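The values are calculated or read from the model by the stated rules, or taken from the named source; none is laboratory data. Not measured: the values here are computed from a predicted model. All Cβ positions, even for glycine, are placed from backbone atoms using ideal geometry, and neighbour counts span all protein chains on display.
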Amino acid sequence: MTGPAWTAPLPVVARVISNADELAALPNRSVILDRDGDAWQRDAGHSLAESYGDWLAVGSEVPSLPDEIPMPTRVIHLGGQP
């Protein structure tokens, strides 16, 4: 047998998002990387989502609105999928 017994699937090219409306259209639990490489996850069920937005940066306790995220972004996980 040649090569490893198991290899991870190659990643799909990430979808590029260029504006807040496109971010708002992503399903809950989607994960993106902003232009600075910071990861964000959409959490519409967060207790502060109605007041501050539903996007949480990694390590943040207060969510942000889509237009506060540095664009462009890349989708690395589309919510609603395992």
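Where residues in segment 52-82 are polar (S, T, N, Q) and either at pLDDT 95 or above or within 12 Å of Asn28 (Cα to Cα) (or both), which of them is surrounded by the fewest Cβ atoms within 10 Å (Cβ to Cβ)?
Step by step, filter segment 52-82, then rank; the result is Gln81.
When the residues of segment 1-24 are filtered to those that are in a loop (DSSP other than H, G, I, E, B) and modelled with pLDDT of 95 or more, which remaining residue is nearest to Asp67 (Cα to Cα)?
Looking at the filtered set, the residue picked out is Asn19.
Quick grid of which residues meet (1) without any contact (Cβ under 8 Å) to a residue 40 or more places away in the chain; (2) of a type in the set (A, V, I, L, M, F, W, C):
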| site | (1), (2) |
| --- | --- |
| Arg29 | no, no |
| Asp34 | yes, no |
| Tyr52 | yes, no |
| Ser64 | yes, no |
| Asp67 | no, no |
| Thr73 | no, no |
| Ile76 | no, yes |
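Hey, among the residues in segment 33-51 that are surrounded by 15 or more Cβ atoms within 10 Å (Cβ to Cβ) and either of a type in the set (S, T, N, Q) or part of a helix (DSSP H, G or I) (or both), which one's modelled with the highest pLDDT?
Selected residue: Gln41.
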